[in-house]
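The values are calculated or read from the model by the stated rules, or taken from the named source; none is laboratory data. What you are looking at is a predicted structure, and each value in this text was computed from that prediction instead of being measured. Please note: Cβ atoms are built from the backbone with ideal geometry, for glycine as well, and neighbour counts cover all protein chains shown. Note: accessible area is taken over every heavy atom of the protein model, side chains too, but ligands, DNA and RNA are not part of it. Shrake-Rupley method; radii C 1.70, N 1.55, O 1.52, S 1.80 Å.
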Amino acid sequence: MNFKLKIWRQKDRQSRGKLVAYDASDISPNASVLETLDIVNERLLLRGEEPIAFDSDCREGICGTCALSINGEAHGPDHPGAACELYMRKFRDGETIVIEPFRVRSFPVIKDLVVDRSALDRIVQAGGFISARAGSAPEANSILVPKPDCDLAMEAAACIGCGACAAACPNGSAMLFTAAKVSAIARTPTNGRPCVRPRSAPVSSRS
């Protein structure tokens, strides 16, 4: 497959950036967007040109570091999923694809497609545990949590902390950094709290 890529290039934080056009030819439909950037970089290096800076780590949709806006959407059009899981077969042959860093003030551009994620990283590293005297409150681990709350908490806990929610928000809300974490903790605030069995699953009388 052949594509025309318009990629954001910016020397550093202080420089003005711009979209630069690149031809990406003979790309496998099974290549991811990140693998396509690798191929383009290899060809740039062969021509003695500076490669495109971008972030990646796991490339399995787990770490959330591939903070790319593709055709104006955080992580691209294949939802849900990170940019590393977006494959070129999702685009039309000959299509023009615009690749930019996340567009949110909380993630300032460092270089090209690399953004400063330290605001989010500090929140993630802080964790959600607090210690407070609760008087005669019952032992948390002995309180059953309703099954619907457990299910919603699990959905919230699936957040990989990539920050795409903030990049996709028209207001760039910083609260979206922590919304999923807050939701998970609020519904099951103590790890290990048992869930109530759904009514459809009878409890065995055997000991």
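The number of residues in the range 56-84 that are assigned to a strand (DSSP E or B) and polar (S, T, N, Q) comes to 1. Which number in (1) touching a helix residue (DSSP H, G or I) at 6+ places or on another chain (Cβ under 8 Å); (2) more than 22 Å from Ala184 (Cβ to Cβ) marks the one condition that Pro101 misses? Going through the list (1) touching a helix residue (DSSP H, G or I) at 6+ places or on another chain (Cβ under 8 Å); (2) more than 22 Å from Ala184 (Cβ to Cβ), Pro101 breaks only (1).
Applying the criterion of being among the small types (Gly, Ala, Ser) and surrounded by fewer than 18 Cβ atoms within 10 Å (Cβ to Cβ) to the residues of the range 72-84, the residue that is farthest from Arg103 (Cα to Cα) is Gly81.
Considering only the range 85-105, how many residues are open to solvent by less than 60 Å² (accessible area, probe 1.4 Å) and either closer than 23 Å to Thr178 by Cβ or in a loop (DSSP other than H, G, I, E, B) (or both)? Break it down stepwise before answering.
Going residue by residue through the range 85-105, those that are open to solvent by less than 60 Å² (accessible area, probe 1.4 Å) are 86, 88, 91, 94-95, 97-102, 104.
Of the ones still in play, those that are also either closer than 23 Å to Thr178 by Cβ or in a loop (DSSP other than H, G, I, E, B) (or both) are 86, 91, 94-95, 101-102, 104.
So the answer is 7.
Count of the range 1-18 residues, restricted to those that are open to solvent by 60 Å² or more (accessible area, probe 1.4 Å) and under 23 Å from the mean Cα position of the chain (by Cα), is 2. Residue pairs whose Cβ atoms lie under 7 Å apart, separated by 6 or more positions or on different chains, with the first residue in the range 1-21 and over 15 Å from Glu100 (Cβ atoms) and the second outside any strand (DSSP E or B) and modelled with pLDDT under 95, are Arg13/Pro108.
Taking the conditions (1) within 15 Å of Leu113 (Cα to Cα); (2) part of a loop (DSSP other than H, G, I, E, B) in turn, Gly48 satisfies each one other than (1). Within the range 41-71, the set of residues being under 26 Å from Val104 (Cα atoms), among the hydrophobic types (A, V, I, L, M, F, W, C) and open to solvent by less than 20 Å² (accessible area, probe 1.4 Å) comprises Ile52, Cys66, Ala67, Leu68, Ile70. Considering the range 21-32, and only residues there that are open to solvent by less than 40 Å² (accessible area, probe 1.4 Å) and outside any loop (DSSP other than H, G, I, E, B), the residue that is nearest to Glu95 (Cα to Cα) turns out to be Ala24.
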